[in-house]
Amino acid sequence: MEHKLFIDGKWVDTTGGGSMAVVNPATGETIGTVVDASAADVDRAVQAARKAFYDGRWSRLTPGERSTILWRLADLLEQNGERIGRVESMNAGKPFAQLTMAGDIPFAVDNLRFFAAAARDTHGMRAGEFSKGYTSMFRREPVGVVGQIAPWNYPLLMAVWKLGPALAAGCTVVLKPAPATPLSTLMLANLMAEAGIPDGVVNIVTGGNDTGQAIVEHPEVRMVSLTGSTGTGKKIMATASNSLKRVHLELGGKAPVIVFDDADLEVATAKASFAAICNTGQDCTAATRVYVERSRYADAVESLVEAMRGVKVGMPFDDATAMGPAISDVQRQRILGFIDRAKAGGAKVLTGGGVPKEFDAGFFVEPTVIVEADQKAEIIQSEVFGPVLTISAFDSEAQALEYGNDVLYGLAASVFTQDVGRAMRIAQQLEFGTVWINDHIPLASEGPHGGFKQSGFGKDLSAEAVGDYQITKHVMIANQ
């Protein structure tokens with residue numbers, strides 16, 4: 001099936017762009033084609049968003065009116081969840097049961113309902129006599145036209161994470177889904193129209209790097225929001241500096257899991273292994289580096305190896321499947337390359353490390369456990385974005401903190417202990433935007449999600465995300 005661009009409320013053909021194949025990663029088969037949008041296409045989308053912003057068809061609606069429409073969109077997504085979930089499973093290789101029953105689709109619906117409510121939150125709007133002879137008021141106003149670039153690992157969910165706060169704030173949007181996984185986002189366009197979002201408020205352009213670059217460079221785009229790699233975030237930040245655009249960046253991660261000697265090892269094993277293979281490890285909050293107090297190290301290794309060996313790797317529509325394929329052969333080879341280089345550097349692979357023999361097609365990779373890697377080794381320092389756990393020992397609380405913080409990233413971390421005081425101390429000192437205690441990977445619509453260090457800045461989820469898409473204006477009135 002061929003898909004068009006969604007601009008100004010209509011499905012339109014490209015002007016000077018090309019086309020791209022969309023592949024099912026479980027089979028390697030082409031399941032559709034989308035437009036590789038040109039700079040002219042991007043300009044059409046931006047101009048539609050700009051007109052929609054300045055004529056007030058969205059930005060000048062009352063908070064209650066925007067809220068009602070976003071709530072209606074949440075209802076429509078819930079009603080169409082199974083249909084969209086099937087497409088997402090085919091396009092991204094995600095296990096269908098996980099996606100629709102307790103995963104991305106229900107969470108996306110909840111996100112939209114949260115942002116529908118957040119649209120009506122007037123917290124921070126104040127008025128008063130702050131200077132003698134004047135009355136002041138603070139207005140929270142939308143940034144304007146926002147360019148949003150979503151990743152391939154959570155296509156629909158990340159589209160919602162971006163659209164929800166931007167629309168609640170009153171912005172208009174040009175959204176680019178990842179070239180590998182655009183289909184569910186394109187399906188969302190029809191639901192937005194049905195929900196009552198006016199034409200031009202949300203425009204969806206598909207394409208690759210050049211399309212994204214055109215969005216970032218466009219002079220009428222006031223802010224760019226990216227979820228992607230740290231390298232891509234740096235390029236966007238450099239380009240955006242030319243026009244002083246705001247940037248909102250949720251980038252890479254390398255999450256540590258710190259397990260103290262008093263931890264419930266059964267719980268730690270279950271949580272860490274699931275967080276390592278969830279979405280085939282293609283998650284910037286995935287559990288990647290397990291640090292275990294030395295007295296429990298041998299038991300933890302045995303337990304985690306057993307858990308990773310027991311993961312059911314399979315086709316997305318098999319209800320028994322716990323982990324599907326990597327998104328592409330390029331990504332699979334990238335994961336395997338990390339493993340091969342770790343082995344060449346002296347680390348040991350205790351389970352996994354290759355391609356499952358039972359699949360003769362698709363981009364599957366085995367859940368993998370690696371030990372005896374040096375703290376400064378690439379496999380510990382760099383983001384693999386695959387189902388790979390390293391396990392290392394530590395001898396003291398100070399060393400656990402040193403190892404945990406010793407990466408460029410700062411997105412998420414977890415601590416397993418029964419000592420509440422220690423949990424609070426460690427959480428305070430870990431340089432990560434999210435710290436879980438005795439769990440790893442759950443998120444809530446009310447909880448801000450974003451990074452420290454080279455994991456970026458700005459927040460997804462929560463009322464803080466809405467604030468990122470707004471500017472505070474001070475209006476000062478002389479008392480005459």
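The values are calculated or read from the model by the stated rules, or taken from the named source; none is laboratory data. Just so it is clear, the structure is predicted and the values come from calculations on it, not from any experiment. Cβ coordinates were reconstructed from backbone atoms using ideal geometry, including for glycine residues, and neighbour counts include every protein chain displayed. Just the protein is used for accessible areas: all its heavy atoms, side chains included, with ligands, DNA and RNA removed. Shrake-Rupley method; radii C 1.70, N 1.55, O 1.52, S 1.80 Å.
A protection proxy built from the mean count of other Cβ atoms within 10 Å ranks the segments 210-220, 396-406, 10-20, most packed first, as 210-220, 396-406, 10-20.
Were the residues from ASP329 through PHE317 laid out at 0.36 nm apart, the gain over their Cα-Cα distance would be 2.3 nm. Distance from the Cα centroid of region 437-469 to that of region 31-73 is 24 Å (rounded to whole angstrom). Looking at the chain alone, DSSP beta bridges between its own residues are antiparallel in about 45 percent of cases.
Annotation for region 159-195 versus region 355-401: alpha-carbon center distance of 34 Å. Considering all C-alpha pairs of region 276-376, those separated by over 20 Å amount to 39%.
Straightening the chain between ASN80 and GLU266 buys 63.2 nm, computed as 0.36 nm per residue apart minus the Cα-Cα spacing. For region 1-150, the gyration tensor built on C-alpha atoms gives an oblate shape. Its axis ratio a/c (a ≥ b ≥ c) is at least 1.5, and a/b is not larger than b/c.
Place a point 7 Å from Cα of GLU378 in the direction of its Cβ. Which residues in region 220-257 have their backbone N less than 20 Å from it? Counting backbone N atoms under 20 Å from the label point, the list is 229-232, 252-255. Hey, with R₀ at 30 Å, roughly what FRET efficiency would THR122 and ASN190 work out to, going by the Cβ-Cβ distance, to 0.05? Plugging the Cβ-Cβ distance into 1/(1 + (r/R0)^6) gives 0.40.
For the chain, the solvent-accessible area of protein heavy atoms averages 40 Å² per residue (probe radius 1.4 Å; ligands and nucleic acids excluded). Here's the list of lysines a cross-link from LYS343 could span, going by alpha-carbon distance under 22 Å and ignoring same-chain residues fewer than 8 apart: LYS254, LYS357, LYS376.
The modelled label-to-label distance between ALA478 and SER243, using points 7 Å beyond Cα along the C-beta direction, is 3.7 nm. In this calculation the C-beta distance from GLU2 to ASP199 is compared with R0 = 30 Å, giving a FRET efficiency of 0.85. Computed on protein heavy atoms with a 1.4 Å probe, the accessible areas place SER229, SER295, SER38 in the order SER295, SER229, SER38, largest first. With contacts taken as Cα pairs under 8 Å and at least 6 residues apart, the chain reaches a relative contact order of 18 percent. For the chain, the longest principal axis of the C-alpha atoms and the axis of helix 265-277 are separated by about 60°.
Annotation for LYS51 and PHE452: the two label points, set 7 Å from Cα along the Cα-Cβ direction, are 4.8 nm apart.
Taking Cα centre as origin and charging only the Cβ of basic (Lys, Arg, +1) and acidic (Asp, Glu, -1) residues, the dipole magnitude of region 377-480 rounds to 380 debye.
Charges were assigned to the Cβ only: +1 to each Lys and Arg, -1 to each Asp and Glu. The resulting dipole of the chain about its Cα centre is roughly 1580 debye. On a 0 to 90 degree scale, rounded to 10, what angle separates helix 329-344 from the longest Cα axis of the chain? Helix 329-344 and the main axis of the chain meet at about 40 degrees.
Think of the chain as having a plus end and a minus end, set by charges on the Cβ of Lys, Arg, Asp and Glu; of PRO177, THR390, ILE327, PRO177 sits farthest toward the positive end of this dipole. Of all DSSP bridge pairs formed entirely within region 36-194, close to 40 percent run antiparallel. The stretch between GLU464 and ASP439, if pulled fully straight at 0.36 nm per residue, gains 6.7 nm over its current Cα-Cα span. Straight-line reach from LYS235: which aspartates and glutamates have Cα under 15 Å away, leaving out those fewer than 8 places along the same chain? Correct list for LYS235: ASP210, GLU217, GLU250. Using only Cα atoms, find the angle between the long axis of helix 104-118 and the longest principal axis of the chain, and express it within 0 to 90 degrees, rounded to the nearest 10. Between helix and principal axis, roughly 40 degrees. Between ASP43 and ASN209, the simple label model (points 7 Å from Cα in the Cβ direction) yields a spacing of 2.3 nm. Think of each Lys and Arg Cβ as +1 and each Asp and Glu Cβ as -1; about the Cα centre, that makes the dipole of region 77-160 roughly 260 debye. Return a whole-number percent for the relative contact order of region 13-170, with Cα pairs under 8 Å and 6 or more residues apart as the contact set. It comes to 23 percent, rounded to a whole number.
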